[in-house]
1. With respect to ARG92, is the statement that it is surrounded by 14 or more Cβ atoms within 10 Å (Cβ to Cβ) and either more than 14 Å from the chain's Cα centre (by Cα) or more than 27 Å from ARG12 (Cβ to Cβ) (or both) true?
2. Considering only residues that are closer than 17 Å to GLU34 by Cα and of a type in the set (Asp, Glu), which ones fall in segment 81-106?
3. Given the condition in contact (Cβ under 8 Å) with a residue 40 or more places away in the chain and at positive phi, answer yes or no: does some residue in segment 15-38 qualify?
4. Of all residues in segment 81-124, count the ones that are closer than 17 Å to GLU20 by Cα, out of contact with any strand residue (DSSP E or B) (no Cβ under 6 Å at 6 or more places or on another chain) and at pLDDT below 95.
5. Here's a check for you: in segment 12-26, which residue that is closer than 24 Å to ARG90 by Cβ and either of a type in the set (D, E, K, R) or out of contact with any strand residue (DSSP E or B) (no Cβ under 8 Å at 6 or more places or on another chain) (or both) is surrounded by the fewest Cβ atoms within 10 Å (Cβ to Cβ)?
6. Please determine, by comparing only the residues of segment 48-59 that are in contact with a Phe, Trp or Tyr (Cβ under 6 Å, 6 or more places away or on another chain) and either without any contact (Cβ under 8 Å) to a residue 24 or more places away in the chain or not β-branched (Val, Ile, Thr) (or both), which one is surrounded by the fewest Cβ atoms within 10 Å (Cβ to Cβ).
7. Please specify each residue of segment 71-99 satisfying the condition of being of a type outside the set (A, V, I, L, M, F, W, C), closer than 24 Å to GLY110 by Cα and out of contact with any Ser or Thr (no Cβ under 7 Å at 6 or more places or on another chain).
8. Scan segment 71-100 residue by residue and report those that are in a strand (DSSP E or B) and either touching a Gly at 6+ places or on another chain (Cβ under 8 Å) or touching a residue at least 40 places away in the same chain (Cβ under 8 Å) (or both).
Amino acid sequence: MDTVHKGNFFERLPDARKAEVLETLAEEGAVRIERIASRGQVSPPGFWYDQNQHEWVILLRGAARIEFEGAPDPVGLAPGDYVNIPSGVRHRVAWTAPDETTVWLAVWYGEKKCLRDTTEMPPF
(Lines give C-alpha, C1' and ligand atoms only; values in the text may rest on other atoms or scores of the structure.)
Protein backbone atom coordinates (compact mmCIF):
# COMPACT_ATOMS: atom_id res chain seq x y z
CA MET A 1 0.00 0.00 0.00
CA ASP A 2 1.21 3.52 -0.80
CA THR A 3 1.99 5.84 2.07
CA VAL A 4 -0.67 8.41 2.88
CA HIS A 5 0.73 11.91 3.25
CA LYS A 6 -1.10 14.71 5.07
CA GLY A 7 0.05 18.30 4.92
CA ASN A 8 -1.14 21.87 5.13
CA PHE A 9 -0.93 23.82 1.89
CA PHE A 10 -0.14 27.10 3.67
CA GLU A 11 2.44 25.81 6.16
CA ARG A 12 6.11 26.45 5.47
CA LEU A 13 5.53 28.66 2.47
CA PRO A 14 8.82 29.19 0.66
CA ASP A 15 10.46 32.61 0.62
CA ALA A 16 9.55 34.01 -2.79
CA ARG A 17 11.07 37.47 -2.36
CA LYS A 18 14.01 36.73 -4.68
CA ALA A 19 12.39 34.28 -7.11
CA GLU A 20 9.16 32.43 -7.77
CA VAL A 21 9.20 28.98 -6.13
CA LEU A 22 7.54 25.90 -7.65
CA GLU A 23 7.09 22.74 -5.59
CA THR A 24 5.71 19.49 -7.00
CA LEU A 25 3.24 18.06 -4.48
CA ALA A 26 2.12 15.01 -6.48
CA GLU A 27 2.80 13.53 -9.89
CA GLU A 28 1.47 10.48 -11.67
CA GLY A 29 1.45 9.78 -15.39
CA ALA A 30 0.37 12.88 -17.28
CA VAL A 31 -0.81 14.76 -14.14
CA ARG A 32 1.37 17.06 -12.02
CA ILE A 33 0.18 19.16 -9.06
CA GLU A 34 2.31 22.08 -7.90
CA ARG A 35 2.29 24.78 -5.28
CA ILE A 36 3.66 28.05 -6.62
CA ALA A 37 4.71 31.01 -4.48
CA SER A 38 5.32 34.42 -6.05
CA ARG A 39 6.08 37.83 -4.62
CA GLY A 40 6.30 40.58 -7.21
CA GLN A 41 7.67 38.34 -9.97
CA VAL A 42 6.59 38.78 -13.58
CA SER A 43 7.56 37.03 -16.79
CA PRO A 44 10.54 38.71 -18.47
CA PRO A 45 9.75 41.11 -21.35
CA GLY A 46 9.03 39.15 -24.53
CA PHE A 47 8.81 35.78 -22.72
CA TRP A 48 5.68 33.65 -23.22
CA TYR A 49 4.83 30.29 -21.67
CA ASP A 50 3.90 27.88 -24.47
CA GLN A 51 3.23 24.65 -22.61
CA ASN A 52 2.70 21.17 -23.97
CA GLN A 53 0.02 20.28 -21.39
CA HIS A 54 -3.18 21.93 -20.20
CA GLU A 55 -2.80 23.95 -16.99
CA TRP A 56 -5.57 24.53 -14.47
CA VAL A 57 -4.49 27.06 -11.86
CA ILE A 58 -6.29 28.60 -8.89
CA LEU A 59 -5.05 31.57 -6.91
CA LEU A 60 -5.44 30.88 -3.20
CA ARG A 61 -3.74 33.90 -1.63
CA GLY A 62 -2.47 37.25 -2.90
CA ALA A 63 -3.22 38.74 -6.32
CA ALA A 64 -1.98 38.35 -9.90
CA ARG A 65 -2.62 39.21 -13.53
CA ILE A 66 -2.04 36.83 -16.44
CA GLU A 67 -1.67 38.11 -19.99
CA PHE A 68 -2.74 35.94 -22.92
CA GLU A 69 -1.25 36.49 -26.36
CA GLY A 70 -3.71 38.37 -28.53
CA ALA A 71 -6.05 39.33 -25.67
CA PRO A 72 -6.66 43.06 -25.18
CA ASP A 73 -6.27 43.04 -21.37
CA PRO A 74 -4.64 40.84 -18.72
CA VAL A 75 -6.89 38.62 -16.60
CA GLY A 76 -6.88 39.69 -12.95
CA LEU A 77 -6.96 36.98 -10.31
CA ALA A 78 -7.99 37.25 -6.65
CA PRO A 79 -8.23 34.44 -4.07
CA GLY A 80 -10.59 31.76 -5.35
CA ASP A 81 -10.27 32.71 -9.02
CA TYR A 82 -9.05 30.04 -11.41
CA VAL A 83 -8.23 29.70 -15.10
CA ASN A 84 -7.94 26.67 -17.35
CA ILE A 85 -5.24 27.26 -19.94
CA PRO A 86 -5.26 24.82 -22.88
CA SER A 87 -1.89 23.54 -24.09
CA GLY A 88 -0.35 25.80 -26.71
CA VAL A 89 -2.08 28.97 -25.47
CA ARG A 90 0.73 31.47 -25.02
CA HIS A 91 0.58 33.39 -21.75
CA ARG A 92 2.73 35.26 -19.29
CA VAL A 93 2.55 36.50 -15.73
CA ALA A 94 1.99 40.26 -16.06
CA TRP A 95 1.94 41.08 -12.33
CA THR A 96 1.95 39.52 -8.86
CA ALA A 97 1.44 41.36 -5.59
CA PRO A 98 4.79 42.79 -4.45
CA ASP A 99 3.86 43.20 -0.77
CA GLU A 100 2.55 39.70 0.00
CA THR A 101 3.17 36.12 -1.09
CA THR A 102 0.84 35.04 -3.87
CA VAL A 103 0.06 31.33 -3.58
CA TRP A 104 -1.17 29.29 -6.53
CA LEU A 105 -2.23 25.66 -6.95
CA ALA A 106 -1.47 24.43 -10.47
CA VAL A 107 -2.53 21.18 -12.08
CA TRP A 108 -0.97 20.15 -15.38
CA TYR A 109 -2.87 17.43 -17.19
CA GLY A 110 -3.47 15.81 -20.56
CA GLU A 111 -1.12 13.99 -22.85
CA LYS A 112 2.02 15.92 -23.59
CA LYS A 113 1.88 17.30 -27.09
CA CYS A 114 4.81 17.94 -29.40
CA LEU A 115 5.04 21.67 -28.83
CA ARG A 116 8.01 23.79 -27.93
CA ASP A 117 7.56 23.67 -24.16
CA THR A 118 8.58 26.93 -22.53
CA THR A 119 7.45 26.01 -19.05
CA GLU A 120 10.81 26.98 -17.63
CA MET A 121 11.27 30.72 -17.40
CA PRO A 122 14.73 32.05 -18.26
CA PRO A 123 16.71 33.49 -15.33
CA PHE A 124 16.21 37.17 -14.56
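The values are calculated or read from the model by the stated rules, or taken from the named source; none is laboratory data. Owing to the predicted nature of the structure, the values given are computational and were not obtained by experimental measurement. So basically every Cβ, Gly included, is an ideal-geometry build from the backbone, and we count neighbours across all protein chains shown.
1. When the stated conditions are applied, ARG92 passes them.
2. Hit for segment 81-106 is ASP81, nothing else.
3. Within segment 15-38, not a single residue is in contact (Cβ under 8 Å) with a residue 40 or more places away in the chain and at positive phi.
4. Going through segment 81-124 one residue at a time, the tally reaches 6.
5. The extreme case among them is ALA19.
6. Among those residues, the one meeting the criterion is HIS54.
7. Passing the criteria: GLY80, ASP81, TYR82, ASN84, PRO86, SER87, GLY88, ARG90, HIS91.
8. HIS91, ARG92, VAL93, ALA94, TRP95, THR96
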